[in-house]
Structures are given as C-alpha cells and as structure tokens.
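Asker: Structure in structure tokens, see below.
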Number of protein chains: 2
Amino acid sequence: MSDPRDRDRGHPYERVAAVIRDRIASGAWPPGYRLPSRHALAHELLDGAGGENVVRRAQEMLIEEGVLEARKGSGTYVRAPRSRYVLRAPLCGLLPDGFNGRWETHSTPRIAAPDPIADRLGIETGALCVRTEYTVHAAGEGPLLAVTSWEPMELTGSSPVVLPGHGPLADSTVAERMAQADVRVIAVKETLTPVVLDRVQAPRVSAPVGSMAIVIARTHVADDGRVVETADLLVPALHWELAYQHQLASGRRGIGGEPWAVGDEPR
Amino acid sequence: MSDPRDRDRGHPYERVAAVIRDRIASGAWPPGYRLPSRHALAHELLDGAGGENVVRRAQEMLIEEGVLEARKGSGTYVRAPRSRYVLRAPLCGLLPDGFNGRWETHSTPRIAAPDPIADRLGIETGALCVRTEYTVHAAGEGPLLAVTSWEPMELTGSSPVVLPGHGPLADSTVAERMAQADVRVIAVKETLTPVVLDRVQAPRVSAPVGSMAIVIARTHVADDGRVVETADLLVPALHWELAYQHQLASGRRGIGGEPWAVGDEPR
DNA sequence: TCGAATTTGTGCGTATGTATC
DNA sequence: GGATACATACGCACAAATTCG
C-alpha cells in the first residue's frame, strides 16, 4: 500500500479526486462537461491498466459532494451549480408571486386507507379516503417537490367543491377548502424525518438516487380534534432549504402557545 | 454468477440476510446478542472459504434497516429496539419534567468567528465570540443530541451573568439570559438540512456512522434586528422524532404572521 | 429499428488498516 | 502485546442503461 516510491500523501483515489477537482476549478472542465470514461481516466491519470475502480471511488466522493453527477449508461458530468430555493414551512398549498413555478395535480383516486395513513387520520383501516399526488415545478424544470396527501372521504367526498385539485378552489389551501365544508382547521402538525432517496423517490423530485431529503409528515387538525388531512412532503436537499420561523412572545417561557419540550416517545 | 445449481432466487447476500433476519425474528438471536464473526458465518452459511464479503453485504443491509449494529474491533450485535423521543421545535434550552435527562455543557472558549458563523451572526469575520458545546443525555445513556452555539462577544462578554452554561442562569433559555443584558429576543429562525453522520459527528450523538440526522441551523434575533445567537443542533433520526406545530389564525391566509411561501434562493 | 459498442452500477474476492478485548 | 473482528482500498466480472451507427 504505502509504496516507498509513492511520495504523495494519502490514497490514490484521493489524488485522482484532487486532479478532477482542480480541472473543474480551473474551468478546463466546465459545468455540463462530460468526463472521459473511467477507462480513459484510469489510463491517463494512473497510466496503467486495471485501476478503474480508483477513478470510480474518486468520482463517488465528488458525486456525494455534489460536484459530479453520474448518468448510467451515458457518462459522468460536471454538475451545474444549482442554487437552492427557500421553502418556508409549513407549506399548505400556496405559491407566492415571487416563485416562478406551479403546482401539478397528478391523480386523485378514492382508495381504502392503508394502515399507517388510517392511523394518522384517526379513522379505521380500510375506510375510504382521497389520495392526491401533487408536484411543484419551477419554470421549465422537472418536479422539485412531491406531495402525497390523504383526506378522509367522509369529509372531502361530501361536497364536490372541496375535492383537492378541482373546481374553483383548486389552488386554495387545505384550510380554505375545508372552510367550505364548515370545518375549521386550527392547527398544522409536522414530523420531520431525514431519508436517503431510493430509485423510486429520486425521479419524483429530480434528484439523484442516494442523495438526501427530508420527509415532512403533515397533518391538518380541525377545532373538533379531527384530522382533516395528512400528507407526506418529499423535500430534496438538493433543491430546497427548509426554513422555519417562530415569533417569541415577550415575557413568556414558550413559543406559539406550546412550551419547548423534549418529551417521551410516541408509539 | 447464476449457477444452474442455485435454485434460490436473488443474490447470495440476500439469502444470508434472510437467514439472519429469521434467526432474530425467531428469538434465537435476541437483542444484544453478538453474531458469529463474518468468517464463521461465511463458513456456516456458504460452507466455503472466501465469501466473507457476502456476509458483510448482508449485514450492511440489516444495519441500514436498524436491525443490526456493528462495533469495530468487537463484533456485530442485534440491536435492542429503541423508541425515539419526540423533540418539539424550536428547542431553546429547556428540558421539561417529563424528560429524564440533562444538559451538559462541555466548553465555552472565546474564539474568532469563522467565516460562515460570522455570516450568520452578522458580525465581521474574526470578531470574537463565545462558542459553547452542549449535549443532551437521557438517564444513563450517551449523548443523544449535540448543540454547538455561538454568541457575539460584545453581547455575552459584557456581563458575566449571561455567559451560557454558567451562573444562576445556566439552565435558562437564550432569551432569558439575553433579557438580563436588556436585549429582547423576538424571533427564532431555523434552517434544516439532512445529513449522513460521519465518523466525527456519529459519536457525538451515539449513532452509527452513516446513519441519518437533521442539522438545525438556528438563530435568535433581537428586536433591533441583531442576531444574538446562532447554533447548529445535530438531531440523529435514530433517537429523535422532530415535531413542529403551528396554530392557524382563522380567516387569515397565513400562519404566525408570515405567509406560507416558496421563495427564491438566498445567497 | 435494432443491435453493438460504450459507460456506469453491482456483486464479490483479496489484502491490509485499525480498533477492541 | 497478541488475537480477533470490523473497516477500507482496490481488483475483476458482469449486469443494466444509454447512445449511435
């Protein structure tokens, strides 16, 4: 391993990564550039056969850092520096004027509530609900955010006008739609979980497999305690910076009516 | 690869994983049990030499699922099912009675603000600040949460009583300490990023390297617009479920004074 | 349109580093 | 300090996806 000839510190793959980083930094390999194949790079940088896995390891490092991007069967590319959008939570269905993008509603089948969803909605497993798939697109780009929402059929189905994604209230918030059914939404609860995107999730948010995201499990609660909607928001770190802001009531030892808490476990 | 003799579907490592899973499910390998070494398992399950990496691959799968836990130099163990605590955000320094644990303050050196921190605090790079390292421990356990906090020296240093982790206000919130210096904290802003724990971060929160966490970049803002504190909270998904709750003012198209927003990028 | 060449992804083997007991 | 066990680096074969003639 530590060959006496080898004066260079560290492992071979680290030196290869450094070379690639330099070429990108110098502008020789601009954003969008397709790198030579592993075979060619191994031959050039290590001038010997076989060492392709060293190049691969170096590329994996840079891919994880967000510098490179590999497309299977096509090649490895220098990634264009993408600035992230700011997502102010809670996100309940509105896109302000400042954002050049749109919501897309994909499907709204009536289905039997699967177990974890029924649990979150506070209804019986198998009870009917409406599942809606939304995505957020920025102008001309692929989907950047994916939302899967469930609403109990007994609420939403009672009046066609409150169906998500349809009619005059298509672009309204959950609370606004529910108000049409005389349901007053008083709180939004969110539970956040970090995830690594698998090959099913990744294309739904235009992010590479293995990159990171936060799943927001959101519920809308009405004044009578019923849960009127629950949703999973898939927020890829590649595209979004998740921001929360809390106002502090002076003189109180809490925020927003709830004391700060580190409580015991839920289930 | 697909040996004609091999009737079993899938790859060898998947079959090994299935065997391990079965033994755990059957109770033959209870929580805390130390598995046979990879060498022994490879010999038993694949009755041939060399195939240790097949066992390793299977174990990696189960480790990622949270079923196993590897301790370097010691062995691979069946993980005891751990329930997660609920962390209600924003977390500003209080531990309620319900939580059987404690804060620990580790160090409070005066240092020159590094670049990204100076940026967050709105002070010049190199200006003095106080850095404080906290951890949260549950009774008898290792650290479950790690906080690194920075406060500008010009605020904190002016009065010894407001130094974090010391004096009568050691267990107070940032806002309470700042009130002693006649600084009114009016808002808390948080930015969330999912991360994969590296070998430096992982031991700070008693989580395995490669497991996931959320970093909360928090800032306390005073009524004159100054940032009086900023902190990075390392919240491992293994131990915590991050929960946010927002009250909805009826009739308003927003929450907490800020409209929901998907805005453009920051930097 | 279709198949062959190219390129990345995966599974697995060997050698060696390093932490623990 | 020696034995044991996991972690890492790297090599090869092949599968899968893409591209192009």
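Asker: Could you work out, residue by residue across B:128-139, how many beta carbons of other chains sit within 10 Å of that residue's beta carbon, and then give the average as an integer?
Answerer: Mean shielding count: 0.
Asker: Let me ask something else about it. Please work out the Cα center distance from segment A:192-235 to segment B:7-40, rounded to the nearest Å.
Answerer: The distance from the Cα centre of segment A:192-235 to that of segment B:7-40 comes to 32 Å.
Asker: Defining the label point at 7 Å along Cα→Cβ, can you sort the distances from B:PRO116 to the same site in each other copy, shortest first, in nm?
Answerer: 3.0
Asker: Starting from the Cα of B:GLU141, move 7 Å in the Cα-to-Cβ direction to define the label point; list residues of segment B:210-236 whose amide nitrogen is under 14 Å from there.
Answerer: B:235-236
Asker: Hey, which lysines would be in cross-link range of B:LYS189, C-alpha to C-alpha under 27 Å, not counting anything within fewer than 8 residues on its own chain?
Answerer: Those lysines meeting the cut-off are A:LYS189.
Asker: Given the rotation that superposes chain A on chain B, what residue of A brings its beta carbon nearest the axis, and what is the distance in Å?
Answerer: Smallest Cβ distance to the axis, with its residue: A:PRO194, 2.
Asker: Could you tell me which trypsin sites (Lys or Arg not before Pro) in segment B:50-87 are loop residues by DSSP with no more than 13 other beta carbons within 10 angstrom of their beta carbon?
Answerer: In loop regions of segment B:50-87 (DSSP not H, G, I, E or B), the sparsely surrounded trypsin sites (Lys or Arg not before Pro) are B:LYS72, B:ARG82.
Asker: Right, next: Using a Förster radius of 41 Å, what is the FRET efficiency between A:ARG71 and B:ASP119 based on their Cβ-Cβ separation? Nearest 0.05, please.
Answerer: E between A:ARG71 and B:ASP119, to the nearest 0.05, is 0.75.
Asker: I've got another one for you. R0 = 45 Å: FRET efficiency of A:MET61 with A:ILE111, Cβ-based, nearest 0.05?
Answerer: Efficiency, from the Cβ-Cβ distance: 0.60.
Asker: Let me ask something else. In nm, what does the list of distances from A:GLU60 to its counterparts in the other copies look like, shortest first, when each label sits 7 Å along Cα to Cβ?
Answerer: Label-point separations across copies, in nm and ascending: 0.6.
Asker: Right, another one. Exactly which trypsin sites (Lys or Arg not before Pro) in segment A:178-215 are in a DSSP loop and have at most 10 other Cβ atoms within 10 Å?
Answerer: Sparse-neighbourhood loop trypsin sites (Lys or Arg not before Pro): A:ARG199.
Only the coordinates and a few stated rules stand behind these numbers; no lab work does. Bear in mind the structure is a predicted one, so any value in this text is a computation, not a measurement. FYI the Cβ positions are ideal-geometry reconstructions off the backbone, even for glycines, and counts take in every protein chain you see.
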